[in-house]
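Novice: Have a look at this one.
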Amino acid sequence: MTLGWLAIFRLGLVQMCLGAIVVLTTSTLNRLMVVELALPAVLSGLMVALHYAIQITRPSWGYKSDTGGNRTVWILGGMIVLAAGGFAAALGVVLMQTVFWPGLALSFLAYALIGLGAGASGTSLLALLATCTRADRRAAAATITWLMMIFGIALTAGVVGRLLEPYSPRLLLEIVGAVCLGAVALTALAVFRIERGLVARPEPDPTPFREGLREVWAEPKARAFTLFVFLSMTAYFTQELILEPYAGLVFGFTPGQSTSLSGAQNGGVFLGMLAVGIGATGLKLGDLRGWVMAGCLGSALSLTGIALLGQTGLPLLVPAVVLMGVFNGMFAVAAIGSMMALAGEGRGAREGTRMGLWGAAQGVAAGFGGLAGAAAADVLRLWTDAPSAFGLVFLAEAGLFVAAALMALRIMDGGRVMPATRLVPGE
């Protein structure tokens, strides 16, 4: 037996919970540190970068779930660690208002837990989908689960943004605590007995982890796609830590308004993913490469518009951010569709390792992009005004999206990823 549509929907609930916790740490808490606590953006950038950098362990989590025979244990255990880290991060922000150094230390520990939890839970979830979903359902399963994740992000950001007005530290802890506890409870219900009756797991593989990872890296398709994921996700995440501070410092948004802005952005991502799901899968319009390139180039144009709004002062930031989200979603779901298809190719019983490799590339790129964007904004603000400083970073991000579109043109052939022997020295 393989995963049915109901089981796929249940796993999508886990993705929704992952997104709900992570969005609080990368948007709401980040904004509070930069604007309300007046801390340098690079400081919160370091915390978020730590949570992404720790996800370089994703190949290890994927390998463990490949050989351990029970992926749901890693999914639920990772969610518990993620929830603990999410609440500790909120507590760290509150403590920094009165006892700065203990609060800062707790925050760094919290973001480390967030990285470990997201890596273990997310990688094992994707490996279960790739292993136990019929080949003709993988693209649809990826679309469904990612749409639910974006829905969770958008819903959480929007609801929390409204509930957080007027802001108080106690209210922040109550809201974050409720989100974290709810995520753990829903995940436990979603994965309960979900692996029972599925296709048999392979016998434990005695191959050492490093050798197994080396085997996957030796596959030209897996290697080329890893490089593409790194470049495109660097572009995707460069604005993550500066968009809400930009809204607060340049457009005067309150904490609740800027959190709702993140919800609006992810609402756009949801629409973009839905458009690809309907257009590419339902109506058979275009191929994955075309959707990836359209998403990248549209994101570049949207970022250019967001940069120019800071110079003109026009009150159009929300629709511009929603438009950027739409193109982000188009790019992301097309790339995810390729990822799900490629996970089952190559040497057998390595789906988790491949998903972990690409997840690690995404995590490192997200941490690098977010930190680089925050640091660049801080440095540029020393030399110019806030609208110009943030605007230059947005324009640089637009350039990265154009480069990602060109790389997709080179390595992707329709819905397939081509062996990219010319991309890797020595091949």
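The values are calculated or read from the model by the stated rules, or taken from the named source; none is laboratory data. Nothing here was measured: the structure is a model prediction, and the numbers come from that model. Glycine gets a Cβ as well: all are built from the backbone with ideal geometry, and neighbour counts include every protein chain shown. Ligands, DNA and RNA are excluded from the accessible area calculation, which covers all protein heavy atoms including side chains. Shrake-Rupley method; radii C 1.70, N 1.55, O 1.52, S 1.80 Å.
Novice: Scan region 121-150 for residues that are surrounded by fewer than 21 Cβ atoms within 10 Å (Cβ to Cβ) and within 16 Å of the chain's Cα centre (by Cα) and report the count.
Specialist: Residues meeting the conditions: 1.
Novice: Quick check on region 356-365. Is at least one of its residues modelled with pLDDT under 80 and touching a His at 6+ places or on another chain (Cβ under 9 Å)?
Specialist: yes
Novice: S65 - would you say it is closer than 23 Å to R214 by Cβ and among the small types (G, A, S)? Don't jump to the end; show me each part of the working.
Specialist: Numbers: closer than 23 Å to R214 by Cβ: yes; among the small types (G, A, S): yes.
Against the criterion (closer than 23 Å to R214 by Cβ and among the small types (G, A, S)), S65 qualifies.
Yes/no per residue for (1) under 26 Å from A49 (Cβ atoms); (2) in the same structural domain as Q362 (by the TED database); (3) among the aromatic types (F, W, Y):
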site: F230; (1), (2), (3): yes, yes, yes
site: S260; (1), (2), (3): yes, yes, no
site: V276; (1), (2), (3): no, yes, no
site: V292; (1), (2), (3): yes, yes, no
site: P319; (1), (2), (3): no, yes, no
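Novice: Further question on the same structure: Among the residues of region 165-176, are any among the charged types (D, E, K, R) and modelled with pLDDT of 90 or more? Can you show your working first?
Specialist: Of the residues in region 165-176, the ones among the charged types (D, E, K, R) are 165, 170, 174.
If we keep only those that are modelled with pLDDT of 90 or more too, we end up with 170, 174.
Checking region 165-176: at least one residue is among the charged types (D, E, K, R) and modelled with pLDDT of 90 or more.
Novice: Here's a follow-up. Taking the residues in region 280-307 that are at pLDDT below 90 and closer than 25 Å to G19 by Cα as candidates, determine which candidate is least open to solvent (accessible area, probe 1.4 Å).
Specialist: Taking region 280-307 as the starting set, the residues that turn out to be at pLDDT below 90 are 280-292.
Checking which are closer than 25 Å to G19 by Cα leaves us with 280-281, 288, 291-292.
Working: A280: 24, T281: 69, L288: 42, W291: 46, V292: 0 Å².
Checked region 280-307; the qualifying residue least open to solvent (accessible area, probe 1.4 Å) is V292.
Novice: Same structure again: Of the numbered conditions (1) farther than 15 Å from L241 by Cα; (2) at pLDDT 85 or above; (3) surrounded by fewer than 20 Cβ atoms within 10 Å (Cβ to Cβ), L392 satisfies every one except a single condition; which is it?
Specialist: It is condition (1) that L392 fails.
Novice: I'd like to know if region 1-17 contains one or more residues that are closer than 19 Å to E174 by Cβ and open to solvent by less than 10 Å² (accessible area, probe 1.4 Å).
Specialist: Step one: filter region 1-17 for residues closer than 19 Å to E174 by Cβ, giving 17.
Cutting the leftovers down to open to solvent by less than 10 Å² (accessible area, probe 1.4 Å) gives us 17.
Yes, the conditions are met somewhere in region 1-17.
Novice: It is to be established whether one or more residues within region 72-93 are among the hydrophobic types (A, V, I, L, M, F, W, C), free of Cβ contacts under 8 Å to residues at least 60 places away in the same chain and more than 16 Å from G177 (Cα to Cα).
Specialist: Checking region 72-93: at least one residue is among the hydrophobic types (A, V, I, L, M, F, W, C), free of Cβ contacts under 8 Å to residues at least 60 places away in the same chain and more than 16 Å from G177 (Cα to Cα).
Novice: Tell me the residue from G267, G325, G310, G248 that is small (G, A, S), part of a helix (DSSP H, G or I) and modelled with pLDDT under 85, please. I'd like the intermediate steps shown before the answer.
Specialist: Details: G325 fails: modelled with pLDDT under 85; G310 fails: modelled with pLDDT under 85; G248 fails: modelled with pLDDT under 85.
On inspection, the qualifying residue turns out to be G267.
Novice: Select, from R347, R422, the only residue that is assigned to a helix (DSSP H, G or I), open to solvent by 40 Å² or more (accessible area, probe 1.4 Å) and at pLDDT below 80.
Specialist: Values: R347 fails: assigned to a helix (DSSP H, G or I).
Unique residue meeting the criteria: R422.
Novice: Related question: Can you pull out the residues in region 248-289 that are out of contact with any Leu (no Cβ under 8 Å at 6 or more places or on another chain) and without any contact (Cβ under 8 Å) to a residue 40 or more places away in the chain?
Specialist: Once the filter is applied, which keeps residues that are out of contact with any Leu (no Cβ under 8 Å at 6 or more places or on another chain) and without any contact (Cβ under 8 Å) to a residue 40 or more places away in the chain, region 248-289 yields G252, I278, G282, L283, K284, L285, G286.
Novice: Please return the ranges of helices (runs of 4 or more DSSP H) entirely within region 18-120 where 2 or more residues are open to solvent by 10 Å² or more (accessible area, probe 1.4 Å) and at pLDDT 95 or above.
Specialist: Details: elements: 41-53, 58-68, 71-96.
Correct list: 71-96.
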